[in-house]
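Asks: Got a structure for you, written out below as structure tokens; questions coming shortly.
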């Protein structure tokens with residue numbers, strides 16, 4: 001599975017920790033789209049670049065990080081075909097995949113540590129969409145994008 005990861009300056013350290021966790025998971029290839037320094041960057045630009053990799057089919061899932069995870073998840077969810085979930089715990093990450101078929105997870109570099117972030121990302125990457133009644137609901141979310 002191809003994963004794309006990106007962050008703004010507020011989550012550079014957490015991105016490095018999450019990449020290390022992802023590298024330990026079998027069958028996962030990670031593409032890092034930046035940022036690579038602590039110089040200020042705008043998180044909507046990072047979200048747009050990462051989400052383009054997913055909507056084009058170049059990657060299956062993404063990990064976005066900013067200071068809180070809030071801004072970057074809002075930006076990502078403006079892009080058709082993206083279902084970004086801001087997760088701060090393992091249970092939410094599992095449910096984002098199982099029930100919402102989320103294709104992007106967002107984390108906050110200033111609100112969560114590397115240990116918990118690693119467990120959250122592992123849960124997100126290893127869960128599958130359950131379909132069934134949840135597929136109907138995801139279909140309704142997609143319909144909202146088209147209004």
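Asks: Looking only at the stretch 1-28, how many residues end up being out of contact with any helix residue (DSSP H, G or I) (no Cβ under 9 Å at 6 or more places or on another chain), more than 17 Å from residue 127 (Cα to Cα) and part of a loop (DSSP other than H, G, I, E, B)?
Replies: 0
Asks: Enumerate the pairs (first residue in the stretch 21-38 and at positive phi and in contact (Cβ under 8 Å) with a residue 24 or more places away in the chain; second residue anywhere and surrounded by fewer than 16 Cβ atoms within 10 Å (Cβ to Cβ) and assigned to a loop (DSSP other than H, G, I, E, B)) with beta-carbon separation below 7 Å, excluding pairs fewer than 6 apart on the same chain, so at least 6 apart or on different chains.
Replies: These pairs meet every condition: 27/1.
Asks: Among what's in the stretch 49-67 and is touching a residue at least 24 places away in the same chain (Cβ under 8 Å) and in a loop (DSSP other than H, G, I, E, B), pick the residue that is surrounded by the fewest Cβ atoms within 10 Å (Cβ to Cβ).
Replies: 58
Asks: Moving on to the next point. Residue 70 - would you say it is under 18 Å from residue 93 (Cα atoms), in contact (Cβ under 8 Å) with a residue 12 or more places away in the chain, touching a strand residue (DSSP E or B) at 6+ places or on another chain (Cβ under 9 Å) and exposed (fewer than 15 other Cβ atoms within 10 Å of the Cβ)?
Replies: Answer is yes for this residue.
Asks: While we're here: Here are some residues: 147, 78. Which one is over 21 Å from residue 17 (Cβ atoms), part of a loop (DSSP other than H, G, I, E, B), modelled with pLDDT under 95 and more than 13 Å from the chain's Cα centre (by Cα)?
Replies: 147
Asks: State all residues of the stretch 95-136 that are assigned to a helix (DSSP H, G or I) and surrounded by fewer than 17 Cβ atoms within 10 Å (Cβ to Cβ); if no residue qualifies, say none.
Replies: 98, 114, 115, 116, 119, 126, 133, 134, 135, 136
Asks: Could you tell me whether any residue of the stretch 29-43 is at pLDDT 95 or above, in a helix (DSSP H, G or I) and either more than 14 Å from the chain's Cα centre (by Cα) or farther than 13 Å from residue 5 by Cα (or both)?
Replies: Checked against the condition, which is being at pLDDT 95 or above, in a helix (DSSP H, G or I) and either more than 14 Å from the chain's Cα centre (by Cα) or farther than 13 Å from residue 5 by Cα (or both), the stretch 29-43 yields no hits at all.
The values are calculated or read from the model by the stated rules, or taken from the named source; none is laboratory data. All values reported here derive from a predicted model rather than from experimental measurement. No Cβ is skipped: glycine too gets one built from the backbone with ideal geometry, and neighbour counts run over all protein chains shown.
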